[in-house]
1. Spot the failing condition for B:T274; the list is (1) in contact (Cβ under 8 Å) with a residue 12 or more places away in the chain; (2) closer than 30 Å to B:L10 by Cβ, and only one is missed.
2. Mind listing just one residue for me: the one in the stretch B:1-32 that is modelled with pLDDT under 85 and among the aliphatic types (A, V, I, L, M) and, of those, surrounded by the most Cβ atoms within 10 Å (Cβ to Cβ)?
3. Look through the stretch B:104-123, keep the residues that are under 30 Å from B:D67 (Cα atoms) and surrounded by 15 or more Cβ atoms within 10 Å (Cβ to Cβ), and return whichever of them is farthest from the other protein chains (Cβ to nearest Cβ).
4. Could you tell me which numbered condition B:K74 fails, if it satisfies all but one of (1) away from every other protein chain (no Cβ under 13 Å); (2) surrounded by fewer than 17 Cβ atoms within 10 Å (Cβ to Cβ); (3) closer than 21 Å to B:I184 by Cβ?
5. State all residues of the stretch B:184-243 that are charged (D, E, K, R) and closer than 30 Å to B:Q78 by Cβ; if no residue qualifies, say none.
6. Check the stretch B:236-251 and report whether any residue there is of a type in the set (A, V, I, L, M), part of a loop (DSSP other than H, G, I, E, B), more than 15 Å from the chain's Cα centre (by Cα) and over 23 Å from B:T41 (Cα atoms).
7. Which is assigned by TED's automatic domain parsing to the domain that holds B:Y20 and among the polar types (S, T, N, Q), of B:Q212, B:Q231?
8. Would you confirm, using the coordinates I've provided, whether B:F227 is assigned to a strand (DSSP E or B) and free of Cβ contacts under 8 Å to residues at least 12 places away in the same chain?
Amino acid sequence: MYKALAYKEWLKVRWFVIGSLIIEVMLLFYIFGNLRAVIEFNGAVAIWSAVVYKGHMFFSILKYLPFIIGIAISVAQYLPEVLDMKLKLTLHLPMKENRVLLFLNLFGTSLLLLLFLPLVLILFVGSSVAFPSEIVNAMLLTISPWFLAGFISYFFVSSIMIEPAWGRRLVLAVVGFFLANQFLTGVGYGSFQKVILFLFIITLLYNYVHMLSGLRFKRGAK
Amino acid sequence: MKYVVEVKDLTHYYGSKLVYENLNFKIKKGSIFGLLGKNGTGKTTTINILNGFLKPKSGQCLILGEDSYKLTPKTKAQIGFLIEGHIQYSFMNIIQIEKYYSQFYPNWKKEVYYDLMSKLKVLDNQKISKMSCGQRSQVTLGLLLAQDPDLLILDDYSMGLDAGYRRLFLDFLKEYGKAEDKTIFITSHIIQDLDGFLDDAVILDYNGVVLQMPIDQFKNNFKMYQFSTNQTELIVKDEVVNNFEIIKNKATVYSFGDVEAVKNHISSKGINYTDFKNVPMDLEDAFIGITGKY
């Protein structure tokens, strides 16, 4: 049964996943292409100096990408479910409703992981060639909240779409936007170093809001 | 189990607006039960409660012996559910949707589905979103029949369908219900199609239940009488006159009373009449007679 559910979810999101992958690859080419050009023309010292003394983020183009991918995957997955209340069909399947909702959520979350992890890995490996480990580690710390924002955007957009009451939708949208914004406000390397664990816990907790909205949908809440 | 559905003292409100109060009905195994009513009388609300998608303010609804709000996966597998408008996953094609649903139901009858699909002029890779409403209705019907449920709950199967597809839908359902001893719960706002199809019915009005009885009993006993009179102001609803209409000096009275009973009743009110006649009705006439045109 879970295999069939995964099949349906995949049919909905596949073009969005492929589109996201293409954008990720293009951005990676852009980042490393630029990096290579700068090193070739100005030498590695110039870029190191820019990073260390001016806080130049050669990867800053990625800042909003996870946030946007999170929204895109959420819309692709849940918009077809809420149009004409098709989620009723899914919840009428011979399975426990909370398990179905949890599975849908895990599917989306896993997809985001699959989309984000290789990107981070390539960024890590590629940067390690050009920079010392201190800069690479600082880069990882800097981008972590950006990628957590991708999960947050997925969770809150999913919640907004499943939530049956307009008032609550508005609250979810405001809280979600505020939260995601907090994840993206860092101005320098490792701005969130001390609170990254806290942000991670908030992201996990926000996942539960999505479940609550789903169960409220099932209950016919208005 | 004698009754597949048991609705006990069901009451529901949307905010402060009462949908109905103390709704009671039972559906026998193997019967075709109609929930009839105009738009906005609570048919879809009842369907949502029956499927566990809405918690009623009070009362209880048992489906196959289980509280409808807490249906187990096993019981859900025995219920086929048609959402109003023949809603299905429109991003799938007929192959994909069969492949998907077949994984959930142990008694899945693939051949029933593909037999119906072979009659449709659709391509295998044609998405459901690109189909006409009639074609979509056949896909949903095929999926319901392939699921082989004991109870079919159909919310306004007629929505968006032309006469041919409506007839086709009911013909398949009737055959299925009879052959397999299945129970069908159906709502519709097109009453004439259900003439000769239903065994039992509840008729809802804006104030709740207007009537509940076997459909043959309703058709045989509910009568329409027309007569001419100049004292139309004396005609009111009471224990004999269930409903009435007045156009100029022509009165139409709906009643469960026979000719003599109604004649005596209107005479006893001091109404002088001429041209009294009993006018034959079909199910739709009777429905309008009991619920009114507004």
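1. Condition (2) is where B:T274 drops out.
2. Only one residue tops the list, namely B:V19.
3. B:K109
4. The one condition B:K74 does not meet is (1).
5. Initial filter on the stretch B:184-243 (charged (D, E, K, R)): B:193, B:195, B:199-200, B:205, B:216, B:219, B:223, B:233, B:237-239.
Result: B:D193, B:D195, B:D199, B:D200, B:D216.
6. Within the stretch B:236-251, one or more residues are of a type in the set (A, V, I, L, M), part of a loop (DSSP other than H, G, I, E, B), more than 15 Å from the chain's Cα centre (by Cα) and over 23 Å from B:T41 (Cα atoms).
7. On the way: B:Q231 fails: assigned by TED's automatic domain parsing to the domain that holds B:Y20.
So the residue among B:Q212, B:Q231 that is assigned by TED's automatic domain parsing to the domain that holds B:Y20 and among the polar types (S, T, N, Q) is B:Q212.
8. When the stated conditions are applied, B:F227 does not pass them.
The values are calculated or read from the model by the stated rules, or taken from the named source; none is laboratory data. A quick note: this is a predicted structure, and the numbers were derived from the prediction, not measured. Heads up, the Cβs are rebuilt from the backbone with ideal geometry, glycines too, and the neighbour counts pull from every protein chain shown.
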